[in-house]
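Since every read-out is calculated from the coordinates, none of them should be taken as a lab result. What you see is a predicted model; the values in this text were computed from it and never measured. When we count neighbours, we look across all protein chains shown, and the Cβ atoms used for this are built from the backbone with ideal geometry, even at glycine.
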Ligand code: UD1
């Protein structure tokens, strides 16, 4: 298992580029299941979750072609023949978003068999809302041996009111409804930019969708969708991670290739902490030369403060003067980074869904364990300002969602390197 070795103390200076959004790329790849014509996607990040989705589609009979060289972020997916509309536990267990294939498969093939994702480190994360929604569209659902089976000769449009806002749930049902007979109205939908990006691809494929990006989406089902070409939006969470890194290290960092309009809640909060930023249409320059002040956050659905940037923001508050209260509203168990930050010297108390961070405490390098994707990012950020060397274990979590983060950070002055596991001699011979 790879580890990161990070030596803290350097301010981040220069320009860092943001890639395509993993969370938009995942549903867009799944959308290719809806047509027998090729779908060409650009600005696809090269991260582990994307690789898992490619494997998922290939196992069903799809042809997935990867771009090389300058076109390395392009993928062409052709789902002409889908021999087996199934997503196995082996793949689903490593990535919950695999559930995104459920809706498109029933819509296109009339049946789907998808493993239940089970729990994950940040909470139970059920998929009941995906299932309820598909039932509203006329699918027959059964569950056994850890799998959900859905079938419908043809889905029928209907009214879906989500009991709770769900991002992948909205995306899954949006895809399903594009091929249903008649009109579907979905209420209390997720308004995340990734939902809108998926809708834009589906519209290019011939779908009739209105209202994506708002809480009510209307879809008029069509008989067939066709191929299309689409460029994925920039990753707002990768951008948020770099912006926080610039602020935390007292650097002067230009985060380019992002969309500041998707970062409103974070940028407003940073202003409160005393961080100066300058924006253009596709960049945010962050100047961290002021002392940081404490500021509370509450994570919410978009356009609120994103739960996916909560851990990184917590690293920042350890270096801010005063007490910051961080309330996590979306997932019930998303403070695992806190105990690792405490091992580095932070003063953090967890009370249910609230973390109370008292700053500013000097951080010192330590051996720490990454527990999930965004928790790993927060440990990297803390290590950049810690005294001495930090070793972060289990960085495969970070590889799920960040493309070459160590190279990108090294390019702006961070001292970070990746080391592979050193196997004992005998084991190495056997391997
Ligand atoms: C997506 C993002 C993830 C982000 C999360 C919240 C992708 C691939 N992942 O995850 O990075 O952290 O949104 O912004 O886009 N819930 C139910 N029943 C369901 C579905 C969800 O109770 O059927 C609950 C979840 O347990 C959670 C809340 O609803 O408490 C929100 O989850 P959801 O928006 O579905 O998260 P994901 O789409 O899995």
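Odds and ends about this structure:
- The gain in end-to-end length when the residue 142 to residue 37 segment is fully stretched comes to 34.8 nm, 0.36 nm per residue minus the alpha carbon separation.
- For the stretch 372-422, the alpha carbon convex hull comes to 79 Å³ per residue, rounded to a whole number.
- Whole-number percent relative contact order across the chain, with pairs defined as alpha carbons under 8 Å at least 6 apart: 21
- A Förster radius of 45 Å, combined with the Cβ-Cβ distance separating residue 407 from residue 354, puts the computed FRET efficiency at roughly 0.80.
- The share of alpha-carbon pairs in the stretch 21-123 lying farther apart than 21 Å comes to 28%.
- Computed over the stretch 264-366, Kirkwood Rh from alpha-carbon pairs, angstrom: 14.1
- With eigenvalues of the C-alpha gyration tensor scaled by 5 and rooted, the chain, Å: 37, 23, 21
- Computed from label points 7 Å out along Cα-Cβ, the spacing between residue 296 and residue 88 is 5.0 nm.
- Once both labels are positioned 7 Å from their Cα atoms along Cα-to-Cβ, the gap between residue 188 and residue 289 label points is 4.9 nm.
- In range of the label at residue 415: residues from the stretch 348-373 whose backbone nitrogen is under 20 Å from the point 7 Å along Cα→Cβ: 362-368
- Projected onto its three principal axes, the C-alpha set of the stretch 162-216 covers 28, 22, 16 Å, listed from the longest axis down.
- Averaging 1/r over each pair of different alpha-carbon atoms in the stretch 290-329 and inverting the result gives 10.4 Å, the Kirkwood hydrodynamic radius.
- The stretch 190-240, relative contact order in percent, only Cα pairs under 8 angstrom and at least six apart counted: 35
- Each Cα pair under 8 Å and six or more residues apart adds its separation to the average, and for the stretch 49-183 the resulting relative contact order is 21 percent.
- Descending by average beta-carbon neighbour count within 10 Å, the peptides 259-269, 369-379, 37-47 line up as 369-379, 37-47, 259-269, the highest first.
- Estimated translational D of the stretch 229-296 in µm²/s (Stokes, Kirkwood radius over Cα pairs; 10 °C; 1.306 mPa s): 132
- What separates the Cα centres of the stretch 256-325 and the stretch 11-68 is a distance of 27 Å.
- Multiplying each eigenvalue of the alpha-carbon gyration tensor of the stretch 1-62 by 5 and taking the square root yields semi-axes of 33, 16, 7 Å, largest first, rounded to whole angstroms.
- On Cα atoms only, tilt of 236-248 relative to the major axis of the chain in degrees: 0
- Dividing the helix sum by the residues of the chain, where each DSSP H run of 4 or more adds -39500 (n - 2.57), gives a mean residue ellipticity at 222 nm of -8500 deg cm²/dmol.
- Cα pair distances of the stretch 130-191 binned at 10 Å [whole percent]: 24, 53, 22, 1
- When both the stretch 195-238 and the stretch 364-414 are represented by their alpha-carbon centers, they are found 34 Å apart.
- In terms of its C-alpha gyration tensor, the stretch 331-371 comes out oblate, because a/c is 1.5 or above while a/b does not outweigh b/c.
- Rh (Kirkwood; distinct C-alpha pairs) - the stretch 270-317, Å: 12.0
- Extended-chain gain in nm, criterion 0.36 nm per residue less alpha-carbon gap, residue 261 and residue 151: 35.6 nm
- What the Cβ-Cβ distance of residue 364 and residue 210 gives, at R0 = 56 Å and to the nearest 0.05, is a FRET efficiency of 0.55.
- Exposure proxy for 308, 197: other Cβ atoms within 10 Å of each Cβ, ordered fewest to most, give 308, 197.
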